[in-house]
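K.L.:
I have a structure here, written as structure tokens, and I will follow up with some questions on it.
Just so it is clear, none of the values below were taken in a lab; they were calculated from the coordinates. Computed from a predicted structure; not experimentally measured.
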Amino acid sequence: MKKIALLLVLFSAFSNANDNISGFYLGAGLGATTFDDGGAFDYTGASINADDSTLKFMGGYQFNRIVAVELQYTKYGDINVNHPTAKAAGFKGIDIESTSISLAANLGYTFDSGWRPFGIVGLGSLESSTNVLGHSLSENNTSFHYGVGVEYAPKALSGLAFRVAYEGDMFIEENVYQDYGYYSYSDDYAMNIGTFYAGATYKF
């Protein structure tokens, strides 16, 4: 009988702990944009500037100390692509705007202190658009959404948590054409757009 009572107490404590940890949450973040072309622009002389800001909105559900599912909307900062010759002529380059909608698992561990290191892994839909000589061009890619970071939820601020993380969308750009005058070829490149960001979430 004592063993049964002890099990009931432990189960009750575990349930209360989950009640405090599990729940829906919403949040937002702001960060700096990064971009890696995977070598697509090597030897072309083109310069890539990705110093613009990223805006991120997120919502999800945390099931327990380990697992959460998270939906994110990310508006990456503009990526400017320019060539030295064009730049010397006063051309400001081409600005590429990218947005991502992703669904991913947030896997980590929530300690009693409120700290939670975590990793993000899932899939996204990445849309990139630009305007060239008055013509609007857009492209959609399926991306691998990933990230790593740490979150802290102070007990004094019930429901509120702060996070710092790096997250990105890796995608394959197919048939990038390179022309070197005496020969040319097309190839596929694994590109990555990401952000170092700080944000906050509120759990209901």
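K.L.:
Need the full-extension length gain, Asp52 to Leu71, defined as separation in residues times 0.36 nm minus the C-alpha distance. One decimal, nm. All intermediate terms of the calculation are to be shown ahead of the outcome.
P.N.:
Numbers: separation 19, 0.36 × 19 = 6.84 nm, distance 2.30 nm.
Difference between extended and current length: 4.5 nm.
K.L.:
Enumerate the calculated ³J(HN,Hα) couplings along segment 53-64 in order (Karplus 6.51 cos²θ - 1.76 cosθ + 1.60, θ = phi - 60°), each rounded to whole Hz, writing x wherever the residue is Gly or Pro.
P.N.:
Each residue's phi maps through the Karplus curve to give 8, 10, 10, 10, 10, 9, x, x, 9, 9, 7, 7 Hz.
K.L.:
Same structure again: Taking H as built 1.01 Å from N, whose amide H comes closer than 5 Å to the amide H of Thr54, not counting residues under 5 places away?
P.N.:
The list, which skips near neighbours in sequence, is Gly31, Ala32, Thr33, Gly77.
K.L.:
Give me the extension gain from Glu97 to Asp36: residue separation times 0.36 nm, minus the current Cα-Cα distance, reported in nm with one decimal. Spell out each step's value before the answer.
P.N.:
Values: separation 61, 0.36 × 61 = 21.96 nm, distance 1.48 nm.
Computed gain between Glu97 and Asp36 is 20.5 nm.
K.L.:
Under the Karplus relation 6.51 cos²θ - 1.76 cosθ + 1.60, θ = phi - 60°, what is the ordered set of whole-Hz ³J(HN,Hα) values for segment 140-151, x standing for Gly and Pro?
P.N.:
Going residue by residue, I get 10, 9, 7, 10, 8, 9, 8, x, 8, x, 9, 10 Hz, with x marking Gly and Pro.
K.L.:
Further, regarding this structure: Assuming 0.36 nm per residue, please report the length gained on full extension of the stretch Asp187 to Ser113 beyond their Cα-Cα distance. The partial results should precede the final answer.
P.N.:
On the way: separation 74, 0.36 × 74 = 26.64 nm, distance 4.94 nm.
Full extension from Asp187 to Ser113 adds 21.7 nm.
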